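The values are calculated or read from the model by the stated rules, or taken from the named source; none is laboratory data. This structure is a prediction, so every number in the text was calculated from the model and none was measured. Cβ: placed from backbone, ideal geometry, glycine included. Neighbour counts: every protein chain shown.
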Amino acid sequence: MENIKKYHERPVAQDLAYFGDPGRIEDDDSTTLVVPILRRWRIILVVFVLMCAIGIPGVWLRVQPVYQATAAIRIAPVIPSILFSDRDSEGVIPMYTNFKNTQADLITSDKVLLRVADDLADKSLKFFERGRNALDTLIDDDDSRVPMDPIAALRSTITSGTLSVMAERNSELIKINMKNTDADEAAQIVNAFVRAYMAIVVSEETEGGDRKLTVLEDERRVLTGKLERQRRAIREMAQEYGTHALDGRQEMMLQRVAALQTELTRSEMRKIALEARVHLLENAKEQGMNPEDLLKLRYDFLNADQMVQTLTVNVAGLEESLIVAKQTLAPTNPELQRRTDLLQALTERLEERRHEVGKNFDQMIVKELAKSDKDQLENIKAELEQAATYEKRLKTMLAQEDTETIELGRKQLAIQDLKDQLNLTKDLYETVQRRIQELEMERKRPARISVAYRASTVTLPNKRLKYSAAVVLGSLVCGMFLGLLRDKRDHSIHTPDDIAKRVGIRIIGTTTNPDYLDTPKLPQQVATDYQTIRTNLGLLNGGGIPRKLVVTSPGVRDGKTTFAINLATSLANAGKKVLLVDGDLRKPDIRWLLNLPKRSTGLQEVLTGKDFENVTHSTPVAGLDVLTADSRNVSDPCELLSQPHIGKYLNTIEKEYDHVIIDTSPVLAFPDALIWARMADGVILTSFSGHTEEQDLKETLERMAQVKVRVLGTILNSVHSSYSYNRYGYGYYSGRTSAKTTRRRNNKTMLLLPAGQPDKAKS
């Protein structure tokens with residue numbers, strides 16, 4: 001211990017650490033994945049090596065060189081006809097793609113497959129042997145070849161895509177491709193498909209042409225008889241009038257009907273005028289005339305005028321058309337303005353005519369009122385009777401003429417319908433006749449479907465390298481997946497963020513794993529870590545670091561003893577008088593770690609009443625005394641610590657020191673730590689990255705809470721340098737040291753004690 005001041009004289013900055021998550025500020029999802037992967041690199045490596053060792057040889061055994069045989073059938077979009085080339089070309093191109101696709105489907109139909117199977121039946125091809133693959137070629141055994149159904153084999157090949165038939169776009173070709181490890185067999189099978197398809201096409205074209213000609217000739221005979229019947233029907237209907245052109249006769253009859261209608265209208269107007277005169281004469285002047293009757297008579301007289309009626313109808317029709325035009329035409333349209341002007345002119349003309357007729361009525365009233373001769377009344381009545389008789393005769397003639405005109409129109413429509421049917425039949429007959437001629441000529445032109453070229457074989461790119469690369473990549477992915485899965489199932493704590501999220505306890509500080517630091521910089525980093533922890537403890541307590549501190553952990557190998565020694569040393573280096581007590585009476589390690597004499601007296605002697613000054617050990621670090629424990633003591637530690645005077649004695653010792661640091665046994669192992677904690681001002685829990693379980697830490701906190709112990713927080717030991725509270729401090733290096741260096745390091749490496757001590761410590 002003569003060199004224990006080696007680190008004491010090294011100045012350390014008073015860095016203030018925060019109490020939140022000390023992880024990287026720029027931490028993201030990628031880091032969340034990378035860290036577990038790097039942590040489980042051994043699993044990834046093992047899985048990668050195993051899968052590659054199995055997969056890559058399997059690929060090179062199973063995957064053999066593949067050949068592709070290709071043949072093509074040409075389908076012309078249009079075959080120009082000898083007689084009707086221009087017309088025959090119309091309407092064919094738009095359906096060309098559909099026709100090619102249909103023919104491609106026909107090549108893989110059962111009809112073609114049956115012909116192919118018959119063609120290849122006597123070829124003894126390996127393709128039709130069940131269970132043949134690339135690996136079977138290495139252990140070729142003729143007895144293992146089992147023939148399989150040729151049709152089923154061909155269907156399976158088409159379904160799997162080994163044999164494909166595809167109509168190429170922007171080309172006249174339908175290509176038949178087949179992949180196989182035997183180039184000759186692939187070519188034979190493809191050529192068999194070409195032969196089978198062409199045989200079926202030639203047979204169907206010959207049969208189809210004859211069948212079409214037969215149907216068309218039958219249709220021509222039917223149409224010939226139909227034409228004769230339609231002509232005969234037209235002649236029979238036209239015999240009554242001597243001609244089938246009745247347009248002139250119908251026009252004459254329509255004119256006569258119009259003339260009779262005009263004469264009937266004039267007769268009705270004359271009759272109305274006579275009735276008005278009779279009415280006036282029958283009512284003598286001395287009797288007077290009711291003004292209302294006079295107005296009604298005047299109104300009837302005005303509306304009986306033919307011109308007034310015509311103008312009224314025209315005005316009403318024009319108003320209706322103007323309303324429709326306003327809904328469909330723009331306001332600035334000239335047609336709309338023209339109709340408006342025409343409506344205004346007709347309205348003015350109607351008013352003028354009504355005025356003239358009214359004036360005539362008034363004059364007639366004056367004249368009729370002046371006449372009172374009885375003979376005049378009788379003459380007018382006789383004239384009225386003649387007008388009524390004439391009107392009745394006109395109506396009879398008009399009805400007869402109207403009936404004859406309608407009958408003539410019906411006959412004309414019937415004749416016209418027969419003519420239209422005759423024309424349609426003629427067009428259909430000409431079409432059938434023309435198609436018969438075209439089919440007869442089509443037999444003389446070249447076939448639309450022909451063989452472009454027979455099967456030619458090429459070697460496809462070797463897929464072994466690609467599959468091997470896929471195996472390598474898949475192995476790496478599987479290894480990473482298993483590594484992530486293993487890390488997911490790992491409930492141990494690795495980073496301060498794990499403690500914050502899973503446990504929820506305050507983090508006082510961290511100590512850095514020496515594996516991530518260079519050896520020359522290790523002492524400085526250790527000193528800096530504990531300097532930060534000491535500063536944080538002072539800030540947490542408000543008034544400074546508690547005087548009596550218990551250091552414990554959930555389980556063993558959590559670094560509590562190392563932390564207790566270094567914390568005491570750091571406080572002593574800060575000028576405090578510190579007593580380090582080895583309170584673990586079951587497995588005391590402080591004497592062994594500090595290399596004190598083996599016969600050193602222990603804590604048990606103080607607890608049994610021995611003078612305190614005679615059992616403490618001084619150290620070269622100024623202000624640091626150590627009270628060790630005797631591992632040879634066989635008394636029960638719980639009974640020893642439960643004595644009533646222990647707390648008072650500890651308070652007495654406290655008065656002589658600024659701080660008393662007590663290292664105890666693990667909480668989950670023995671109840672000793674809880675007894676010590678009840679006597680202290682605060683408890684510091686230590687946890688070890690990758691070793692301390694989340695559940696153990698939670699259970700430890702629950703036990704502390706049950707006995708109402710003040711837990712200041714936890715220290716996470718041996719964290720990765722990137723999660724250290726001082727990751728940017730002096731001595732920080734991100735690179736890992738070699739495995740050999742890692743194995744040589746132990747707890748003494750992490751002590752703020754001189755180098756060169758015997759390497760006997762345990763973690």
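Points to keep in mind about this one:
- Any hit, region 484-494, residues being touching a strand residue (DSSP E or B) at 6+ places or on another chain (Cβ under 9 Å), buried (at least 18 other Cβ atoms within 10 Å of the Cβ) and farther than 30 Å from residue 69 by Cα: yes
- Filtering region 62-76 to residues that are part of a loop (DSSP other than H, G, I, E, B) and at pLDDT 80 or above leaves 66, 76.
- Within region 170-188, the set of residues being surrounded by fewer than 16 Cβ atoms within 10 Å (Cβ to Cβ) and more than 13 Å from residue 75 (Cβ to Cβ) comprises 170, 184.
- Selection of region 412-471 for residues being closer than 30 Å to residue 213 by Cβ, among the charged types (D, E, K, R) and either part of a helix (DSSP H, G or I) or more than 58 Å from the chain's Cα centre (by Cα) (or both) yields 420, 426, 427, 430, 434, 435, 438, 440, 442.
- Count of region 427-444 residues which are at pLDDT 80 or above and out of contact with any helix residue (DSSP H, G or I) (no Cβ under 7 Å at 6 or more places or on another chain): 4
- At least 1 residues being on the phi < 0 side of the Ramachandran plot, in contact with a Ser or Thr (Cβ under 7 Å, 6 or more places away or on another chain) and assigned by TED's automatic domain parsing to the domain that holds residue 513 is the threshold, and among the helices (runs of 4 or more DSSP H) wholly inside region 605-701 those reaching it are 672-679.
- Against the criterion of being over 44 Å from the mean Cα position of the chain (by Cα) and not hydrophobic (A, V, I, L, M, F, W, C), residue 495 does not qualify.
- Residue match in region 219-228 (condition: of a type in the set (S, T, N, Q), under 41 Å from the mean Cα position of the chain (by Cα) and either surrounded by fewer than 18 Cβ atoms within 10 Å (Cβ to Cβ) or modelled with pLDDT under 85 (or both)): no
- Some residue of region 81-90 being modelled with pLDDT of 80 or more and either under 26 Å from residue 169 (Cβ atoms) or part of a loop (DSSP other than H, G, I, E, B) (or both): no
- Meets criteria (in a helix (DSSP H, G or I), buried (at least 18 other Cβ atoms within 10 Å of the Cβ), in the same structural domain as residue 622 (by TED's automatic domain parsing) and hydroxyl-bearing (Ser, Thr, Tyr)) for residue 511: no
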